[in-house]
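Below is one structure; the comments refer to it alone.
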Amino acid sequence: MQQISVLGSTGSIGVNTLDVIRAHPDKYNIFALGANKHDARMLAQCLEFHPEYAVLNDENAALRLKTALHAAGSKTEVLSGAKALVEIASSADVDTVMAAIVGAAGLDSTMAAVVAGKRVLLANKESLVMGGRLFTDAVSRHGAALMPIDSEHNAIFQCMPRQYESLQAAGIRRILLTGSGGPFRQTPLAALAGKTPEQACLHPNWSMGQKISVDSATMMNKGLEFIEACWLFKAQPSDIEIVIHPQSIVHSMVEYTDGSVLAQMGMPDMRTPIANCLGWPARIESNVEPLNFYTLGALEFTAPDFDRFPSLRLSIDAMKQGKDYAVALNAANEIGVDAFLNGRLGFTQIADVIAEVLESWRASEPDSLAAVKDADHLARESARAFIARVSN
Ligand code: NAD
Ligand code: MG
């Protein structure tokens, strides 16, 4: 029986994770659940999965949860705060951690799971974008396993040899990172500036949390995934090409020197990569609908449009520049997306915030998680100052 902590259990990935786990009560037991403040959903999850611990970051939400669980006669212990999230990610009783908190808020708990040598199912791409080498070093030093939940990276993982020294030694010519292009792939450029949060969150193929939905509309999501792929697969920026594939059926590809291209396909449903990582190296049921090739229709592939999606270029450049440029990029994006969702910034201004922060960024090589957090903090300040200047 594998003992599992799900961090971000009330979110889109968390709910999908519990759905896969629900189908395998013989294999997986929920040790702990963690989230921010959605106590009603957390209550239902606790009453179904009976974890030892439930953690809500928000203190008042944790109090409400505690009262409700007590009234229901539940034995689940309720904790609150960021430290408790770190504890359930690193407890000696846990084998596998689903890291599915959104954004920089997931940094500490994801790193704690790595340092504790866990099998870490990584959905929280922002932590790898920020932590980069610190993460990959910690993974090898502590014998952890970093399993990619992001559908593209999970696809690449499935198309890769099990072990390799370098891409070159494995005969890999390129990694082809696919992206749908989001809801605004064909919107006239002049109309982009007026797009609302509701429109940005209406993804054509995937149903996801708000932040990643906006990131998909700006294609910053693909930019973050580009950086994520460099770290996960020991790749240089020149090894990875982004390919627009509007149907989201091919989830990414790996091209070998003999001309073979291996692709992983499936329905756009996160339960497939989640089941792949949970079960690996075995294959387990995910309850995802099979692909029907008779009704699928045409699959299209085109080059990305860097004018339409300036965040793509900004991300690739940040990775090329190294140091803590990706920390600044990620922080500026989080602040920009938040301001957009709260009506303080126009859609196309999200990329302006990122460009502005990177423009004046005084980079250094972060040698610790504390240095990463300092850089994150500085970049957020810089992004907020820019937004205050442009938003009125
Ligand atoms: P979501 O907004 O639906 O859920 C986010 C979760 O994080 C919630 O459970 C929330 O309570 C929790 N959370 C937020 N702030 C927190 C804090 N300070 N402390 C503790 N918990 C906190 O987001 P999502 O779509 O599930 O995405 C989660 C992560 O997975 C993101 O990094 C995203 O990029 C990545 N991801 C998501 C998808 C998808 O299909 N949704 C696909 C690939 C990768
Ligand atoms: Mg993805």
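The values are calculated or read from the model by the stated rules, or taken from the named source; none is laboratory data. Small disclaimer: the values here were computed from a predicted structure and weren't measured. Cβ sites come from the backbone with ideal geometry, for glycine too, and all protein chains shown count toward neighbours. Protein only, heavy atoms only, side chains kept; ligands, DNA and RNA dropped before computing areas. Shrake-Rupley method; radii C 1.70, N 1.55, O 1.52, S 1.80 Å.
What are the ³J(HN,Hα) values, in whole Hz, obtained from phi via the Karplus relation 6.51 cos²θ - 1.76 cosθ + 1.60 with θ = phi - 60°, for each residue of the stretch 222-234 in sequence order, with x given for Gly and Pro?
Values per residue, Gly and Pro as x: 5, x, 4, 5, 4, 5, 4, 5, 4, 6, 5, 10, 6 Hz.
What does the charge count near residue 83 come to, summing +1 for each Lys or Arg and -1 for each Asp or Glu among other residues with Cβ under 13 Å from its Cβ?
-3
In debye to the nearest 20, how big a dipole does the chain give about its Cα centre with +1 on each Lys and Arg Cβ and -1 on each Asp and Glu Cβ?
200 debye
Karplus couplings for the stretch 353-365 from phi (6.51 cos²θ - 1.76 cosθ + 1.60, θ = phi - 60°), rounded to Hz, Gly and Pro as x?
Karplus values, whole Hz, x for Gly and Pro: 4, 4, 4, 5, 5, 5, 4, 9, 6, 9, 7, 8, 8.
Once the other residues with Cβ under 10 Å from the Cβ of residue 101 are scored (Lys, Arg +1; Asp, Glu -1), what is the net sum?
Spelling it out: positives minus negatives among the neighbours equals -2.
Apply the Karplus parameterisation 6.51 cos²θ - 1.76 cosθ + 1.60, with θ equal to phi minus 60°, to every residue of the stretch 116-121 and state each ³J(HN,Hα) to the nearest whole Hz, in sequence, with x for glycine and proline.
Karplus values, whole Hz, x for Gly and Pro: 7, x, 7, 7, 10, 8.
Please give the net charge around residue 187, taking every other residue with its beta carbon less than 12 angstrom from that of residue 187, where Lys and Arg add +1 and Asp and Glu add -1. All intermediate terms of the calculation are to be shown ahead of the outcome.
Values: positive: 185, 195, 308; negative: 305.
Within the 12 Å Cβ shell, the charges total +2.
Work out which GluC sites (Glu not before Pro) in the chain are exposed loop sites (DSSP not H, G, I, E or B, at most 15 other Cβ within 10 Å) and give the longest gap free of them. Before the final figure, lay out each step's value.
Values: sites that count: 165, 285, 300.
Within the chain, the longest run free of exposed GluC sites (Glu not before Pro) spans 1-164.
So who's got an amide H within less than 5 Å of the one on residue 79, skipping anything under 5 residues away but keeping other chains? H placed 1.01 Å off N, in plane.
Here the answer is 54, 55, 56, since their amide H atoms fall under 5 Å of that of residue 79.
I'd like to know which of 208, 266, 117 lies farthest towards the positive end of the charge dipole of the chain, counting +1 on Cβ of Lys and Arg and -1 on Cβ of Asp and Glu.
Checking the options against the dipole of the chain, the answer is 208.
Please compute the per residue accessible area over the chain with all protein chains in place, 1.4 Å probe, rounded to a whole number of Å².
I get 44 Å² per residue for the chain.
Shape of the chain from its Cα gyration tensor (a ≥ b ≥ c, root eigenvalues): rounded if a/c is under 1.5, otherwise prolate when a/b > b/c, or oblate?
rounded
Counting only residues 5 or more places away or on other chains, whose amide H sits under 5 Å from the amide H of residue 121 once H atoms are built in the peptide plane?
It is 97, 98, 99, 147, by chain and number.
Take the solvent-accessible surface of the protein heavy atoms, probe 1.4 Å, and return the percent of it on the chain that carbon and sulfur atoms account for.
50 percent
Scan the stretch 92-180 for chymotrypsin sites (Phe, Trp or Tyr not before Pro) in coil per DSSP, keeping those whose Cβ has at most 16 other Cβ atoms within 10 Å, and list them by number.
164
In the stretch 158-241, which trypsin sites (Lys or Arg not before Pro) fall in coil by DSSP and have 11 or fewer other Cβ atoms within 10 Å?
Sparse-neighbourhood loop trypsin sites (Lys or Arg not before Pro): 162.
For a quick check: with amide H placed at 1.01 Å from N, whose amide H comes under 5 Å from residue 247's, ignoring anything fewer than 5 positions away on the same chain?
Amide H to amide H, under 5 Å and 5 or more residues apart or across chains, residue 247 pairs with 300.
Rounded to whole Å and sorted largest first, what semi-axes of the equivalent ellipsoid does the C-alpha gyration tensor of the stretch 2-148 yield via the square root of 5 times each eigenvalue?
Numbers: eigenvalues 121, 51, 32 Å².
Computed over the stretch 2-148, the values are 25, 16, 13 Å.
For the stretch 294-376, state which chymotrypsin sites (Phe, Trp or Tyr not before Pro) are in a DSSP loop and have at most 12 other beta carbons lying within 10 Å of their beta carbon. The partial results should precede the final answer.
Working: sites: 294, 301, 306, 325, 340, 347, 361; in loops: 294, 301, 306, 347, 361.
Here the chymotrypsin sites (Phe, Trp or Tyr not before Pro) that fit, given the DSSP loop and packing criteria, are 294.
What residues from the stretch 218-254 fall in the zone where the backbone N is under 20 Å from a label point 7 Å along the Cα-to-C-beta line of residue 300?
Counting only backbone N, you get 218-220, 222, 242-253.
Roughly how many debye, to the nearest 20, is the charge dipole of the stretch 85-215 about its Cα centre, given +1 on each Lys and Arg Cβ, -1 on each Asp and Glu Cβ, and no other charges? Let's see the in-between values first.
Details: 11 positive and 11 negative charges, 94 e Å.
Value, rounded to 20: 460 debye.
Restricting things to alpha carbons, find the Rg to Rh ratio for the stretch 273-392 using the Kirkwood radius for Rh.
1.14
In the chain, if the dipole is taken from +1 on Lys/Arg beta carbons and -1 on Asp/Glu beta carbons about the Cα centre, which of 53, 219, 94 is farthest to the positive end?
Checked the options; the winner is 53.
Put +1 on the Cβ of every Lys and Arg and -1 on every Asp and Glu Cβ in the stretch 255-383; which of 342, 382, 280 then has its Cα farthest towards the positive end of the dipole?
Looking along the dipole axis, the top candidate is 280.
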